[in-house]
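Novice: After the structure tokens below, expect a handful of questions from me.
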Amino acid sequence: MSLTVLKRISALGFVVLLALSSPVAMGGPAKDPVKGSGVSYLVLAPPPQDVIMQFAGTADLVIRGEAVTADLFVEAYSVKVNKAGVQHVVASHQFTFPDGSTLVTADKEVVKPTKTPGVYKLKATMKIVSGTGVYEGATGRLTAHGAVNTNDLPPVVEFALTGAISSPAVE
């Protein structure tokens with residue numbers, strides 16, 4: 001056999017080995033789709049140290065095909081605004097479910113002005129960093145698209161959410 005053929009066979013074997021050793025193939029947690037929507041309102045009380053602002057609300061989610069409403073708490077830690085008025089926000093979300101289980105995310109958010117004064121377009125990239133209860137050991141990524149309306153009192157954020165979660169606690 002030529003060296004080229006051996007390299008191709010070795011590469012194919014490596015790909016098969018990777019596929020067989022993936023978490024799903026080895027019985028590890030699978031990614032389950034998450035989708036939903038939510039609304040949160042600016043918390044008017046002064047935020048704790050190291051937090052710029054907080055929002056509280058609810059999220060109606062479908063996780064593993066089950067509909068559930070979670071209480072939502074959002075904290076923004078830093079905001080950088082560029083010359084175009086686009087805000088880059090570092091934040092976190094905590095979803096608390098009726099059974100007491102939680103999911104916590106670490107987020108990078110982009111908030112862009114629209115043609116309507118006081119209304120902004122929102123995109124959040126959220127990495128699931130921890131969970132409790134049925135979400136103990138959870139990992140995954142979520143994306144939120146929505147709008148921030150600072151004309152409302154208190155200011156409101158409305159969003160749609162999609163993504164996937166792995167949670168070994170329920171596997």
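None of the figures in this text is laboratory data; all of them are computed from the coordinates on show. The structure displayed is predicted, hence computed values, not measured ones. Cβ coordinates were reconstructed from backbone atoms using ideal geometry, including for glycine residues, and neighbour counts include every protein chain displayed.
Novice: Which whole number in µm²/s is D for region 31-170 by Stokes-Einstein, with the Kirkwood Rh taken over Cα pairs at 4 °C and 1.567 mPa s?
Specialist: 85 µm²/s
Novice: To continue, here is another question. Residue-wise, which Karplus ³J(HN,Hα) couplings in Hz belong to region 72-86, taking 6.51 cos²θ - 1.76 cosθ + 1.60, θ = phi - 60°, and x for glycine or proline?
Specialist: 10, 9, 10, 10, 9, 9, 8, 9, 10, 10, 8, 4, 7, x, 7
Novice: Another question, then. Using only the Cα atoms of region 87-140, build the gyration tensor, take square roots of its eigenvalues as a ≥ b ≥ c, and label the shape rounded, prolate or oblate: rounded if a/c is under 1.5, else prolate if a/b is larger than b/c, else oblate.
Specialist: Prolate shape, in that a/c is at least 1.5 and a/b is the bigger ratio.
Novice: At 0.36 nm per residue, and after removing the present C-alpha to C-alpha distance, how many nm does the segment from A164 to T125 gain when stretched out fully?
Specialist: Result: 12.8 nm gained on full extension.
Novice: Can I ask one more? What is the distance, in nm, between label points placed 7 Å from the Cα along the Cα-to-Cβ direction at V79 and at T58?
Specialist: Here the answer is 2.7 nm between the modelled labels.
Novice: Cα-Cα over 26 Å: which of K35/K83; K83/K127; K35/K123?
Specialist: Violating the 26 Å limit, Cα to Cα: K35/K83; K83/K127.
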